[in-house]
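Heads up: the structure comes next, in structure tokens.
The values are calculated or read from the model by the stated rules, or taken from the named source; none is laboratory data. Because the structure is a prediction, the values reported are computed rather than measured. Quick reminder, even Gly has a Cβ in these numbers, built from the backbone with ideal geometry, and neighbours come from all protein chains shown. Note: accessible area is taken over every heavy atom of the protein model, side chains too, but ligands, DNA and RNA are not part of it. Shrake-Rupley method; radii C 1.70, N 1.55, O 1.52, S 1.80 Å.
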Amino acid sequence: DAGITQSPRHKVTETGTPVTLRCHQTENHRYMYWYRQDPGHGLRLIHYSYGVKDTDKGEVSDGYSVSRSKTEDFLLTLESATSSQTSVYFCATLGGDRYNEQFFGPGTRLTVL
Amino acid sequence: DQQVKQNSPSLSVQEGRISILNCDYTNSMFDYFLWYKKYPAEGPTFLISISSIKDKNEDGRFTVFLNKSAKHLSLHIVPSQPGDSAVYFCAAAGSQGNLIFGKGTKLSVKP
């Protein structure tokens, strides 16, 4: 358990509105990740961060932005939500004793109407 | 194009029998593989991993086999238990600690 919390856990919003999801970790892990999980697609990487203010794009980054102003917080923003962004979003950190082991948060279920 | 493929969306097994979950990959540069388990409404949790320098790794009831020439790995669960019912994701380690996941296989273990 890497002490990862995500907020909110559930959110319903309307198309065109901005949405920010928060990931908070207590283990001081350097690397943090945002994934989305959709039926038939598994987990796909949206953005990741390799340090404060250091971020990079993942496989499905269009329509998303991220920010990391503190080690413990990684924010995912949908500037103008679309129905195709309805998904379950997971935050993860890289740490632990095993090489490449990522710890995942509990997820945020986002519905865009 | 998928770099990590789990071609069976679902698998049903009787309690006490062996469960075999398969995973194929396309990039021969991948050198580390992980299996994650996911219950509904929870985040994925690490299950077992294997380095490309090995062909087998065992942890209790769980064993992962790697066939590099075939670019194939499999997860064996023996004996299967109802509590093993979950979605299992295969992942390959890429650059920057990134993981590339398959689409998952939903395992149902029937009592």
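If only the Cβ of Lys and Arg carry +1 and only the Cβ of Asp and Glu carry -1, the dipole of chain A around its Cα centre is close to 160 debye.
For the pair B:GLU58 and B:SER108, the difference between a 0.36 nm per residue extended length and the Cα-Cα distance amounts to 15.8 nm. Normalised per residue, the accessible area of region B:22-111 is 44 Å², obtained with a 1.4 Å probe and no contribution from ligands, DNA or RNA.
Taking only alpha carbon atoms, chain A gives an Rg to Rh ratio of 0.95, where Rh is the Kirkwood radius.
Using the alpha carbons alone, the radius of gyration of region B:46-86 stands to its Kirkwood radius in an Rg to Rh ratio of 1.01. Dipole of chain B (Lys/Arg Cβ +1, Asp/Glu Cβ -1, origin at the Cα centre): which of B:LEU66, B:PRO79, B:SER28 lies farthest to the positive side? In chain B, that residue is B:PRO79. Sorting A:LYS57, B:LYS54, A:LYS11, B:LYS37 by solvent-accessible area of protein heavy atoms yields A:LYS57, B:LYS54, A:LYS11, B:LYS37, largest first, with a 1.4 Å probe.
Under the convention that each Lys and Arg Cβ holds +1 and each Asp and Glu Cβ holds -1, the size of the dipole of the protein assembly as shown around its Cα centre is about 300 debye.
Entry note: region B:1-56 has Rg to Rh equal to 0.99, where both radii use alpha-carbon atoms and Rh is the Kirkwood radius. Pairs of Cα atoms nearer than 8 Å and 6+ residues apart set the relative contact order; for chain B it is 37 percent. Please work out the FRET efficiency for the pair B:SER69 and B:SER8, using the Cβ-Cβ distance as r and a Förster radius of 25 Å; give the result to the nearest 0.05. For R0 = 25 Å, the calculated efficiency reads 0.70. Its residues counted as N, the protein assembly as shown yields a C-alpha radius of gyration over 2.2 N^0.38 Å of 1.02. Residues within the reach of a label modelled at A:TYR99 (point 7 angstrom out along Cα to beta-carbon, backbone nitrogen below 16 Å), restricted to region B:1-41, are B:28-35. At full extension, A:SER84 and A:GLU27 could sit 17.3 nm farther apart than now, given 0.36 nm per residue minus the alpha carbon distance.
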